[in-house]
Amino acid sequence: MKLSWCAYRLNFRHPFRLATGERTGTDSVFVRLEKKGMYGYGEATLPPYLKENTSSVISFLKTIQAECLSAGTPQEFLSLLHQLEGENHFAVCAVEEAFLQLQRKLNKEEANDVRKVNTLSTYTLGLGTEEEIVEKLKIAEGFPVLKVKLQSETDQQPINLIRKYTDRPLCIDANQGWKDMENSIRFSFWLRDMNVMMIEQPFAADHYEMHEVFRKKSALKVIADESITTLESLKKNYACFDGVNVKLLKCGGPIAASEMLRFAKEKSMFTLIGCMSESSCGVYHAAELGAEADLLDVDGPLLINNDPFNGFELNGGIIRLSKLEPGLELNFVNE
């Protein structure tokens, strides 16, 4: 089995604005595993606020190259991979995605025909001017649920603006930007009256008690994102939230994500599968788990203008998967 990788910059169609700042793109590393003329692909997309970056991912891949590629069985490979994981969740996720796809091909289990994912996806509007929001709403035509970024627990303006153009249900992503409990509680009731379904990550990631109090008093479901990223953190803190947004990159790959979704369902939590600002490669693997979640949040490819992969289609909230392969020429290297 041969391992190679390609560093790549994903560029946004519009500047991506959050409560924490703004950026125009995201660095990524695509991983390719090859055996018997067949390929599997994975993706590590690396927002600048992470500990992991392009250099750390490539360094980890070189370790995998030296330590894991001679494993005798798939089980041995995965075991070695996760023994080396440490804090390299994004890198491990990319390798695991590529490995699982390659194994399906080798076992003649990879479906290349177009197939529909039954769970629907949201579309993210982000923050922006009225002109930008109107343009994004055109792209989001047909999506049954829209996701909106809010900067504070008193920020009514984006909701009022959106309601000038659509009455579709909304999900709020606060990105840890809210501070005041009483304002947040009052705001949740106003949001409910504006046809909002849920609030994702209102407070700082480590403010578990604050989330637990808010959950009991909020008019809306409270969903964890940054507060719960692994199965261990889910088991420890699930009672603070009504639901969880599971992201393959944060938890270390599809296998861990599936375990998190099963545990969350056992605890009657609302489940989402989300993504970072990924290309079609990463969200393809996330969408394959779609049947295990209540809602998908995998619109990453629609937010970028240089997606190098084919195989993932998202239109009006409906996902269709086909053969995952590069659509642009990528320079994969192994040193």
Would region 20-36 turn up any residue that is modelled with pLDDT under 95, out of contact with any helix residue (DSSP H, G or I) (no Cβ under 8 Å at 6 or more places or on another chain), under 30 Å from Ala174 (Cα atoms) and in a loop (DSSP other than H, G, I, E, B)? yes
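Run down Ser227, Ser277, Ser233 and say which single residue is within 27 Å of Ala91 (Cα to Cα), small (Gly, Ala, Ser) and in contact with a Gly (Cβ under 6 Å, 6 or more places away or on another chain).
Numbers: Ser227 fails: in contact with a Gly (Cβ under 6 Å, 6 or more places away or on another chain); Ser233 fails: in contact with a Gly (Cβ under 6 Å, 6 or more places away or on another chain).
Of Ser227, Ser277, Ser233, the one residue that is within 27 Å of Ala91 (Cα to Cα), small (Gly, Ala, Ser) and in contact with a Gly (Cβ under 6 Å, 6 or more places away or on another chain) is Ser277.
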Mind listing whichever residues of region 102-132 are closer than 21 Å to Met276 by Cα, part of a loop (DSSP other than H, G, I, E, B) and touching a strand residue (DSSP E or B) at 6+ places or on another chain (Cβ under 6 Å)? Thr119, Thr122, Leu125, Gly126, Leu127
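In the same structural domain as Phe12 (by TED's automatic domain parsing), closer than 27 Å to Glu110 by Cα and part of a helix (DSSP H, G or I), is that true of Ser70?
Working: in the same structural domain as Phe12 (by TED's automatic domain parsing): yes; closer than 27 Å to Glu110 by Cα: yes; part of a helix (DSSP H, G or I): no.
Spelling it out, it is not the case that Ser70 is in the same structural domain as Phe12 (by TED's automatic domain parsing), closer than 27 Å to Glu110 by Cα and part of a helix (DSSP H, G or I).
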Pairing a residue in region 1-14 that is under 16 Å from Gln65 (Cβ atoms) with any residue that is surrounded by 19 or more Cβ atoms within 10 Å (Cβ to Cβ) and modelled with pLDDT under 95, where Cβ atoms lie under 7 Å and the two sit 6 or more apart in sequence or on different chains, gives Leu3/Ile64
Condition first: buried (at least 19 other Cβ atoms within 10 Å of the Cβ), touching a residue at least 40 places away in the same chain (Cβ under 8 Å) and not polar (S, T, N, Q). Can you find one or more residues in region 112-124 that meet it? yes
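Considering only residues that are among the basic types (Lys, Arg) and surrounded by 12 or more Cβ atoms within 10 Å (Cβ to Cβ), look in region 94-111 and name the one that is nearest to Thr271 (Cα to Cα). First the steps, then the outcome.
We begin by selecting, within region 94-111, every residue among the basic types (Lys, Arg); these are 104-105, 108.
The next check asks that each one be surrounded by 12 or more Cβ atoms within 10 Å (Cβ to Cβ); those that pass are 104-105.
Values: Arg104: 26, Lys105: 29 Å.
Across region 94-111, the extreme among qualifying residues is Arg104.
Please find, among Glu85, Glu97, the residue that is assigned to a loop (DSSP other than H, G, I, E, B), closer than 14 Å to Gly253 by Cβ and within 23 Å of the chain's Cα centre (by Cα). Walk me through it before giving the result.
On the way: Glu97 fails: assigned to a loop (DSSP other than H, G, I, E, B).
Residue meeting the stated conditions: Glu85.
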Consider Tyr238 carefully, then state whether it is crowded, with 16+ Cβ neighbours inside 10 Å, over 20 Å from Ala257 (Cβ atoms) and either among the hydrophobic types (A, V, I, L, M, F, W, C) or touching a Lys or Arg at 6+ places or on another chain (Cβ under 9 Å) (or both). no
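I'd like to know if region 277-289 contains one or more residues that are of a type in the set (D, E, K, R), touching a residue at least 24 places away in the same chain (Cβ under 8 Å) and in contact with a Ser or Thr (Cβ under 9 Å, 6 or more places away or on another chain). Steps first, please.
Here is the first cut: in region 277-289, the ones of a type in the set (D, E, K, R) are 278, 288.
With touching a residue at least 24 places away in the same chain (Cβ under 8 Å) added as a condition, the list becomes 278, 288.
From the residues that got through so far, the ones that are in contact with a Ser or Thr (Cβ under 9 Å, 6 or more places away or on another chain) too are 278.
Looking for residues that are of a type in the set (D, E, K, R), touching a residue at least 24 places away in the same chain (Cβ under 8 Å) and in contact with a Ser or Thr (Cβ under 9 Å, 6 or more places away or on another chain), one finds at least one in region 277-289, hence yes.
Does Ala205 meet the test of being more than 19 Å from the chain's Cα centre (by Cα) and either within 29 Å of Ile255 (Cα to Cα) or exposed (fewer than 15 other Cβ atoms within 10 Å of the Cβ) (or both)? Break it down into steps so the answer makes sense when it comes.
Details: more than 19 Å from the chain's Cα centre (by Cα): no; either within 29 Å of Ile255 (Cα to Cα) or exposed (fewer than 15 other Cβ atoms within 10 Å of the Cβ) (or both): yes.
Here the answer is no, as Ala205 does not meet what is asked.
Select from region 133-155 the residues that are touching a Pro at 6+ places or on another chain (Cβ under 9 Å) and either not acidic (Asp, Glu) or not in a loop (DSSP other than H, G, I, E, B) (or both) and write down the one among them that is surrounded by the most Cβ atoms within 10 Å (Cβ to Cβ). Lay out the reasoning, then the answer.
Residues of region 133-155 touching a Pro at 6+ places or on another chain (Cβ under 9 Å): 133, 144-146, 148-151, 153.
Okay, now just the ones that are also either not acidic (Asp, Glu) or not in a loop (DSSP other than H, G, I, E, B) (or both), so 133, 144-146, 148-151.
Details: Ile133: 20, Pro144: 14, Val145: 19, Leu146: 20, Val148: 22, Lys149: 21, Leu150: 27, Gln151: 17.
The qualifying residue surrounded by the most Cβ atoms within 10 Å (Cβ to Cβ) is Leu150.
Looking only at residues in region 220-267 that are of a type in the set (Asp, Glu) and either part of a helix (DSSP H, G or I) or modelled with pLDDT under 95 (or both), which one is farthest from the chain's Cα centre (by Cα)?
First pass over region 220-267, keeping only residues of a type in the set (Asp, Glu): 225-226, 232, 242, 259, 266.
Cutting the leftovers down to either part of a helix (DSSP H, G or I) or modelled with pLDDT under 95 (or both) gives us 232, 259, 266.
On the way: Glu232: 18, Glu259: 16, Glu266: 22 Å.
Of everything passing the filter in region 220-267, Glu266 is farthest from the chain's Cα centre (by Cα).
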Residue check, Leu10 against (1) exposed (fewer than 15 other Cβ atoms within 10 Å of the Cβ); (2) closer than 12 Å to Ile304 by Cα, all met but one. Which one? (1)
Go through (1) in contact (Cβ under 8 Å) with a residue 12 or more places away in the chain; (2) out of contact with any helix residue (DSSP H, G or I) (no Cβ under 9 Å at 6 or more places or on another chain); (3) outside the structural domain of Arg186 (by TED's automatic domain parsing) one by one and return the number of the condition Val145 breaks. (3)
Taking the options Leu303, Leu314, Leu296, Leu321, name whichever one is modelled with pLDDT under 95 and either surrounded by fewer than 22 Cβ atoms within 10 Å (Cβ to Cβ) or not acidic (Asp, Glu) (or both). Leu303
Out of everything in region 169-191 that is more than 13 Å from Lys221 (Cβ to Cβ) and polar (S, T, N, Q), what residue ends up being modelled with the lowest pLDDT? Asn175
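The values are calculated or read from the model by the stated rules, or taken from the named source; none is laboratory data. Everything numeric in this text was worked out from a predicted model, so none of it was measured. Reconstructed Cβ throughout: ideal geometry from the backbone, glycine too, with neighbour counts over all protein chains shown.
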